Amino acid sequence: MARVFIGPAGVPIGARERKKSAGTLDGIRYTAEVGLSAMEVEFVQGVRMSRDAAAEAGELARGLGVRLSVHAPYFINLCSEDSGKVEASITRLQESLDRGEAMGATVVVFHPAYYGKLGPEGCYNAVKDAVLRVLDWMRESGIRNVKLGLEVMARKGQFGGLEEVFRLVKEINHPQVVAVVDWGHVYARNGGSIDYAQVLNLWREYFGDQPMHTHFTCVKYKNGEWIDEHEPLDTNNPPFEPLAQELGRRDIEITIISETPLLEKDALKMKEMLKKNGNNVIEPTKPSEEE
Ligand SMILES: [Zn+2]
C-alpha cells in the first residue's frame, strides 16, 4: 500500500464559503478540519506573499500536520526567444523558492517552457541550463530544503513529456530537483489514455523509491482533442479509481493535489477511494492530539 498525503490546490472552496476573504491560513485550517493532509499554495498569478507570511503559514501547517507545496506563477517560459522573459521567469522561480523555503514546503512546482523556435532538443538544453543556474542561486541563498519540481505538461507544444521530464531530472541528478507528475496532463498528452502502472513503473525505473508529488484533475474533450481544462472527478477522464487500486499494490510515498474545480470536495472522494483500496492515507493532526 502507498502512504498518501492528499489535499487541495489552493484555498479550499469550503473555507471561502465560510469566510469570503479566506486566505492561506484559513485554507490550511480548513484543510486539516475536513481531514486532508496536504495543500498546494497557489502563486499562479504572481508571488504576493511576504517571507514572514510564508513562515507563519508554515508554522500553522506543521502544527496541523498539513504538508505544504507551492505552485509557481504560470508566466514562466525558460525557452522564450526574449531573454528578458527568461530572466523574469527565473526571478519568479527564485521568489517562489524563497517563500517555499520559508514555509517549509516540500516542492515548488512549475511549468518549464514552450518549445517555440528552439524545438524539443534546443529547449531541453535551455531548460537544463536555467535549472542549473537556479540551483547555483539556491546554494548561494541557503535554500537547502525545498525542491524545484518540473511538471509534466499536457500540450504537445510544451516542454514536459513524461520521459522528457524524467530524463532531464535524472540527468541533473540533484536532490533538490524533482519531476512532478500531473495525471490529467499525461492523459491529455496521450490523447485520452493513461496506464497508471506504466507511469509508476517508469518512476521506479528512473527514481527508485523516491516520494512522488503529483496533481490530479479530470480534463475536457473539445474540438477533437483532449485539452487542459479542468473537470470534476465524476467526469472520469481519466478515472481515479484505477490509480487508487494501483497505489494500493505499491510501497511508495505519494502526495496527490486535487486540481479539479471541486478541489477539497474531490480530494475527499479520492481519499475514500484510496482507503477502500487499502492505502495508508495520512490524516492531519487532530486538535485533541495537540498538547
Ligand atoms: Zn501546474
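The values are calculated or read from the model by the stated rules, or taken from the named source; none is laboratory data. Since this is a predicted model, take the numbers as computed values, not measurements. So basically every Cβ, Gly included, is an ideal-geometry build from the backbone, and we count neighbours across all protein chains shown. In case anyone asks, the SASA skips ligands and DNA or RNA and just uses the protein heavy atoms, side chains included. Shrake-Rupley method; radii C 1.70, N 1.55, O 1.52, S 1.80 Å.
Before moving on, here are some points about what is shown:
- Beyond 30 Å in Cα-Cα separation lie the following of the pairs Lys156/Lys276; Lys117/Lys222; Lys220/Lys271; Lys20/Lys286; Lys85/Lys156: Lys156/Lys276.
- Global form of the stretch 169-291, assessed from the alpha-carbon gyration tensor, a/c cut-off 1.5: oblate
- Here's the picture: a label point sits 7 Å out from the Cα of Lys128 along the beta-carbon direction, and within the stretch 150-171 the residues with their amide nitrogen under 17 Å of it are 150, 159-171.
- Partner lysines for Lys275 [C-alpha distance under 17 Å; skip if fewer than 8 residues away on the same chain]: Lys265
- Measuring with a 1.4 angstrom probe and ignoring ligands and nucleic acids, Ile28 comes out at about 0 Å² accessible.
- Within a Gaussian network of the chain (alpha carbon springs, distance under 10 Å), most fluctuating of Ala188, Ala197, Ala105: Ala197
- In terms of its Cα atoms, the chain spans 54, 43, 37 Å along the principal axes, sorted from long to short.
- Rel. contact order, % - alpha carbon contacts under 8 angstrom, at least six apart, the chain: 23
- Note that the stretch 16-132 presents 44 Å² accessible area per residue, ligands and nucleic acids not counted, probe 1.4 Å.
- Taken about its Cα centre, the chain carries a charge dipole of about 180 debye when Lys and Arg each add +1 at the Cβ and Asp and Glu each add -1 at the Cβ.
- Using a cutoff of 8 angstrom between alpha carbon atoms and counting only pairs six or more residues apart, the relative contact order for the stretch 181-291 works out to 26 percent.
- Alpha-carbon centroid distance for the pair the stretch 235-291 / the stretch 139-212, whole angstrom: 20
- Relative packing of 239-247, 141-149, which averages over residues the other C-beta atoms within 10 Å, highest first: 239-247, 141-149
- In a DSSP loop and with at most 13 other Cβ atoms within 10 Å, the GluC sites (Glu not before Pro) in the stretch 10-116 are Glu81.
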